[in-house]
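Computed from the coordinates by the stated procedures, all read-outs in this text should not be read as laboratory data. Just so it is clear, the model here is predicted, and its values are computed rather than measured. Virtual Cβ from ideal backbone geometry, glycine too; neighbours counted across all protein chains shown.
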Amino acid sequence: PAPVFAPPLAVPMGGPLANDHAPLAPPPRLVNSPAAAGEASIFNMDGLMRVMGKDAKGRSAMFKMVRGALDSGMEPVDQAAVALREGRLRDAARLFHGLRGAVGVLGAKRLIDATIAAEDAIAEQREDEFDSRCQAVRSELEQTLALARAWLDRQQS
């Protein structure tokens, strides 16, 4: 016989949902980032700090990730722009995707959105948007790197 699995929303008999009058715990309170709202969407390490910033090894790994992004600089966007000019759309999309993976983990929500928009334009071959989408990624990456550099300086001082 095949194994039987309980549905993911199953509640054991007598659990907290068995009695309607049993109070449920309140939802967790969200904590706002000290950064301005616009900056938070450009670069925000709060999530990683909660997960990795509790010990020296985790902080070291975070610093390494930020340094890696800074070391790569604008090169991924420059390479993607060249690939677009040369008609290598698959390469350009791969570069934008890689950039999103490498820098997006640093809480760069606006950069993530810009790379997704660029990849979508490439996938749908909206050639009239290539330059503007690439420029948007460039602008977001510049801002992200500036804030990343400032964050790293603050952490190491």
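Return the pairs, sorted by first residue and then second, in which the second residue is among the hydroxyl-bearing types (S, T, Y), the first residue lies in region 42-55 and is crowded, with 16+ Cβ neighbours inside 10 Å, the beta carbons are less than 8 Å apart, and the residues are 6+ apart or on different chains.
Hits for this filter: I42/T144; F43/T144; N44/S33.
Within region 98-157, take every residue that is of a type outside the set (V, I, T) and outside any helix (DSSP H, G or I) and give me the one that is surrounded by the fewest Cβ atoms within 10 Å (Cβ to Cβ).
Keep residues of region 98-157 that are of a type outside the set (V, I, T), which gives 98-102, 104, 106-111, 113-114, 117-121, 123-136, 138-143, 145-157.
Still in the list and also outside any helix (DSSP H, G or I): 106-108, 124-126, 157.
Details: L106: 24, G107: 24, A108: 27, E124: 9, Q125: 9, R126: 11, S157: 5.
Looking at the filtered set, the residue picked out is S157.
Of the conditions (1) charged (D, E, K, R); (2) surrounded by 15 or more Cβ atoms within 10 Å (Cβ to Cβ); (3) in a loop (DSSP other than H, G, I, E, B), R59 satisfies every one except a single condition; which number is it?
(3)
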